[in-house]
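*Asks:* Handing you this structure, nothing more for now.
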Amino acid sequence: MLTPRRLLCLSLAVCAALAAAASPAQAQSLSALVELARGYDAPWQAAQAQLQAAASRAEQARAGLLPSAGLSGGVTYARNDVTRPPLPGVGVNGPTQTLGVQASQPLYRPASRIGFEQGQRGIDLASAQRDAAEQDLLVRVSQAYFDVLGAQDTLAFVRAQKAAVAEQLASAKRNFEVGTATVTDEREAQARHDLVSAQEIAAENDLHVKRLALDQIVGRPGTSPLPLAQPVQLPGVRPADVDHWVRTAEDRQPQVRQAALALDVARLETRKAETGHLPTVDLQASYGVQRTPNGTVLMPGIHSRTNVASVGVALNLPLFAGFAVQNRVKETLSLEDKARADLDNARRTAAQAARAAFFNVQSGLSQVGALQAAEASSQSALDANLLGYKVGVRINIDVLNAQSQLYQTKRDLATARYNVLVGTLRLKQAAGTLTADDVAAVDTLLAR
């Protein structure tokens with residue numbers, strides 16, 4: 001007969017054996033797998049490269065405010081025949097060599113100054129995009145990590161249930177042989193054993209798929225997550241005020257920051273368009289040398305060299321451009337209105353996401369508490385049914401149903417715990433505050 005104590009010991013032994021097989025000595029923490037993923041994940045690397053490109057683009061915009069210089073030179077060969085009747089003609093054949101340098105320093109170019117400010121906003125925009133990719137990476141790795149742990153727990157509980165059902169099947173067969181049970185008890189136990197065997201196959205396949213998903217994210221095969229330390233103490237949400245999370249999301253969420261920066265860029269674009277009516281002033285300087293070794297038409301046969309140096313200020317004042325400037329300003333004003341509407345939408349979306357994430361975590365914590373109570377009740381119900389079956393007041397199906405309820409509750413409890421941990425990270429992602437330190441805090445809950 002399967003006693004309650006024996007059932008509990010058997011279940012724990014099976015779970016421990018599976019955990020030992022699934023968690024070798026080289027099992028990795030969540031932070032370790034995040035670091036592996038950081039060097040492999042394509043979206044994060046793309047965002048990092050985009051940030052570097054934005055920094056280089058900003059430096060290109062700075063060039064419009066800095067001096068520029070150029071060197072030019074050339075050699076030409078010319079044949080000049082001059083007829084001067086009644087005087088004899090003159091022929092000058094030879095090269096002309098030129099070399100010069102030109103430099104310019106912008107003194108007043110408002111469009112270039114605004115373009116430089118836009119370049120700086122571009123760096124901030126790319127940084128916000130990189131932060132969004134970073135937070136997305138942390139959540140994706142964490143989700144895959146706990147998906148594997150959840151699949152391992154499910155398989156462990158199914159195998160423990162299978163062992164318990166096998167013991168119950170053997171007990172039913174023995175009782176049938178001695179005449180203290182009916183064939184119905186044996187067949188019910190056999191049917192439940194076959195059902196749990198099918199569930200075991202499905203659980204094994206699910207674990208295999210979840211491990212492949214985690215391997216794909218971190219770029220390394222054979223990953224093995226560390227399980228949660230027992231007993232599990234889940235941290236609560238701090239602060240436990242949904243309005244705080246909503247306000248934070250409206251200010252710090254990467255998508256909101258991107259939308260706010262896009263509005264700044266649109267405003268600067270309007271200012272740049274308005275500079276189409278403004279003059280530009282540049283300081284220009286040049287120095288050039290021209291050599292004619294064979295002379296010129298005026299002085300044939302005489303080597304000459306001409307040095308020319310100049311410095312001055314150039315003013316360019318637009319007068320009329322076919323209404324292009326006015327229409328460009330109208331266009332940028334419309335784009336500015338669009339950016340403002342996009343910012344409003346981003347804030348509303350972030351606020352709603354923060355509310356949903358907050359209440360999901362709160363609900364998950366309540367579910368964990370309820371399932372812990374349900375687990376204790378299910379264990380008591382199983383113990384009572386086993387005792388009742390022993391004394392003849394319960395039938396085999398009662399015991400099998402109690403076993404199924406207990407292990408289903410265990411699976412639900414484990415899943416609820418993982419959902420709370422991932423949900424807490426998603427809440428911080430929704431608020432825009434998720435960092436590697438939050439992942440390190442989850443590591444403290446893992447078994448070492």
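*Asks:* Applying the selection to the range 392-440, what residues are among the hydrophobic types (A, V, I, L, M, F, W, C) and closer than 22 Å to D194 by Cα?
*Replies:* Hits for the range 392-440 are I395, I397, V399, L400, A402, L406.
*Asks:* Right, next: Please find, among R192, R220, the residue that is modelled with pLDDT under 95 and over 22 Å from Q45 (Cα atoms).
*Replies:* Exactly one of R192, R220 is modelled with pLDDT under 95 and over 22 Å from Q45 (Cα atoms), namely R192.
*Asks:* Residues S29, S72, S23, S11: which one is hydroxyl-bearing (S, T, Y), touching a helix residue (DSSP H, G or I) at 6+ places or on another chain (Cβ under 7 Å) and either closer than 30 Å to L99 by Cα or at pLDDT below 90 (or both)?
*Replies:* None of the other options fit; the residue is S11.
*Asks:* When R187 is evaluated against the numbered criteria (1) of a type in the set (D, E, K, R); (2) under 30 Å from F359 (Cβ atoms); (3) surrounded by 12 or more Cβ atoms within 10 Å (Cβ to Cβ); (4) without any contact (Cβ under 8 Å) to a residue 40 or more places away in the chain, which criterion, by number, is the only one it fails?
*Replies:* Looking at each condition in turn, R187 falls short on (2).
*Asks:* A further question on this structure: Of the residues that make up the range 386-393, is at least one modelled with pLDDT under 95 and surrounded by 20 or more Cβ atoms within 10 Å (Cβ to Cβ)?
*Replies:* Scanning the range 386-393 turns up at least one residue that is modelled with pLDDT under 95 and surrounded by 20 or more Cβ atoms within 10 Å (Cβ to Cβ).
*Asks:* Now a separate question. From the list K173, K210, exactly one residue is surrounded by fewer than 18 Cβ atoms within 10 Å (Cβ to Cβ), in contact with an Asp or Glu (Cβ under 6 Å, 6 or more places away or on another chain) and assigned to a helix (DSSP H, G or I). Which is it?
*Replies:* K173
*Asks:* Please state which one of A111, A132 is surrounded by fewer than 18 Cβ atoms within 10 Å (Cβ to Cβ) and in a helix (DSSP H, G or I).
*Replies:* A111
*Asks:* Here is a further query. Which of the residues that make up the range 317-331 are surrounded by fewer than 10 Cβ atoms within 10 Å (Cβ to Cβ) and at negative phi?
*Replies:* Once the filter is applied, which keeps residues that are surrounded by fewer than 10 Cβ atoms within 10 Å (Cβ to Cβ) and at negative phi, the range 317-331 yields L317, L319, F320.
*Asks:* Then there is this: Is it the case that Q118 is surrounded by 15 or more Cβ atoms within 10 Å (Cβ to Cβ) and at pLDDT below 95?
*Replies:* Yes: the conditions hold for Q118.
*Asks:* Output the residue which, of all residues in the range 195-217 that are among the polar types (S, T, N, Q) and closer than 30 Å to A42 by Cβ, is modelled with the lowest pLDDT.
*Replies:* Q216
*Asks:* Shifting gears a bit: So E331 clears everything in (1) more than 18 Å from G150 (Cβ to Cβ); (2) in a helix (DSSP H, G or I); (3) over 34 Å from the mean Cα position of the chain (by Cα); (4) not small (G, A, S) except one condition, right? Which one?
*Replies:* Result: E331 passes all but (3).
*Asks:* Among all residue pairs at least 6 apart or on different chains, which show Cβ distances below 6 Å where the first residue, located in the range 62-75, is without any contact (Cβ under 8 Å) to a residue 12 or more places away in the chain and the second is surrounded by 10 or more Cβ atoms within 10 Å (Cβ to Cβ) and outside any strand (DSSP E or B)?
*Replies:* Listed by first residue and then by second, the contacts come to nothing, as the list is empty.
*Asks:* Looking only at the range 268-295, which residues are surrounded by fewer than 16 Cβ atoms within 10 Å (Cβ to Cβ), β-branched (V, I, T) and under 13 Å from N316 (Cα atoms)?
*Replies:* Across the range 268-295, the qualifying residue is only V281.
*Asks:* Determine if the range 223-242 includes at least one residue that is at positive phi and in contact (Cβ under 8 Å) with a residue 40 or more places away in the chain.
*Replies:* no
The values are calculated or read from the model by the stated rules, or taken from the named source; none is laboratory data. Note that this is a predicted model, so its numbers are computed, not measured. Virtual Cβ from ideal backbone geometry, glycine too; neighbours counted across all protein chains shown.
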